[in-house]
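To start, the structure under review is shown below, and the notes come after it.
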């Protein structure tokens, strides 16, 4: 499999890091794109540098490189995840904008009818946010707000993060053993 992972400036960089680690452990090829604010949030929330997170990805693409292979539909991928997904990025995708590599790659995934999973992190949600999410959902995008569950009795922040990453992998059809399933 080949998955594009985008990280933007919404809070929740831990989720993006955990997803990249899980995909690497599963030997899945990843193409990472991080926005400028995504890089800032990564450092602010995790203390990790861009150089550190790049080591978890198979390929890293600069967000201003609109000639990167993931900007073309002829470059086959199995889908894309944007985690965390800022409301700016969500809005840009919902309205067909592709002013950087991350939003262009999402546009390509949509036009090629591939899987796009976005994990927005914002609260409260405005009518504009909700309308943009609805617009994307009507296009087949999986919208998974970063709202943790507690029925699995998490003991650590890592348990909470892994539950979200597990649900994300499920949306992509990727088998894993990150979290217990209901009834297990």
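For residue 20, the criteria (1) in contact (Cβ under 8 Å) with a residue 40 or more places away in the chain; (2) under 11 Å from residue 83 (Cβ atoms); (3) crowded, with 24+ Cβ neighbours inside 10 Å hold in every case but one, which is (1). Taken over the range 23-37, the criterion of being touching a helix residue (DSSP H, G or I) at 6+ places or on another chain (Cβ under 9 Å) and either on the phi > 0 side of the Ramachandran plot or not in a helix (DSSP H, G or I) (or both) is satisfied by 26, 28, 29, 30, 31, 32, 33, 34, 35.
Within the range 45-61, the only residue that satisfies the criterion of being in contact (Cβ under 8 Å) with a residue 24 or more places away in the chain, assigned to a helix (DSSP H, G or I) and either loosely packed, with under 14 Cβ neighbours inside 10 Å or within 16 Å of the chain's Cα centre (by Cα) (or both) is 53.
Here the condition is being at pLDDT 95 or above and not in a loop (DSSP other than H, G, I, E, B); of 42, 66, it holds for 42 alone.
Kindly provide the set of residues from the range 82-100 that are touching a strand residue (DSSP E or B) at 6+ places or on another chain (Cβ under 7 Å) and crowded, with 24+ Cβ neighbours inside 10 Å, ordered by number. Lay out the reasoning, then the answer.
Restricting attention to the range 82-100, the residues satisfying the condition of being touching a strand residue (DSSP E or B) at 6+ places or on another chain (Cβ under 7 Å) are 82-85, 87, 89-90.
If the condition is that a residue be touching a strand residue (DSSP E or B) at 6+ places or on another chain (Cβ under 7 Å) and crowded, with 24+ Cβ neighbours inside 10 Å, then 82, 83, 84, 85, 89, 90 are the ones that fit.
Look at residue 77 and say whether it is in a loop (DSSP other than H, G, I, E, B), more than 14 Å from the chain's Cα centre (by Cα), surrounded by 19 or more Cβ atoms within 10 Å (Cβ to Cβ) and modelled with pLDDT of 95 or more. Yes: the conditions hold for residue 77.
State yes or no: is residue 92 over 19 Å from residue 14 (Cα atoms), modelled with pLDDT of 95 or more and not in a loop (DSSP other than H, G, I, E, B)? Full working, then the answer.
Details: over 19 Å from residue 14 (Cα atoms): yes; modelled with pLDDT of 95 or more: yes; not in a loop (DSSP other than H, G, I, E, B): yes.
For residue 92, the condition - over 19 Å from residue 14 (Cα atoms), modelled with pLDDT of 95 or more and not in a loop (DSSP other than H, G, I, E, B) - is met.
Among the numbered conditions (1) more than 13 Å from the chain's Cα centre (by Cα); (2) touching a residue at least 40 places away in the same chain (Cβ under 8 Å); (3) buried (at least 20 other Cβ atoms within 10 Å of the Cβ), the only one that residue 3 does not meet is (1). In the range 41-76, what residues are within 22 Å of residue 164 (Cα to Cα) and in contact with a helix residue (DSSP H, G or I) (Cβ under 7 Å, 6 or more places away or on another chain)? Residues satisfying the conditions are 41, 42, 45, 46, 48, 53, 56, 57.
Yes/no per residue for (1) over 18 Å from residue 79 (Cβ atoms); (2) crowded, with 16+ Cβ neighbours inside 10 Å:
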{"site": "125", "(1), (2)": "yes, no"}
{"site": "134", "(1), (2)": "yes, no"}
{"site": "137", "(1), (2)": "no, no"}
{"site": "140", "(1), (2)": "no, no"}
{"site": "150", "(1), (2)": "yes, no"}
{"site": "158", "(1), (2)": "yes, no"}
{"site": "175", "(1), (2)": "no, no"}
{"site": "178", "(1), (2)": "no, yes"}
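The values are calculated or read from the model by the stated rules, or taken from the named source; none is laboratory data. What you are looking at is a predicted structure, and each value in this text was computed from that prediction instead of being measured. Here Cβ is always computed from backbone atoms with ideal geometry, including for glycine, and neighbour counts include all displayed protein chains.
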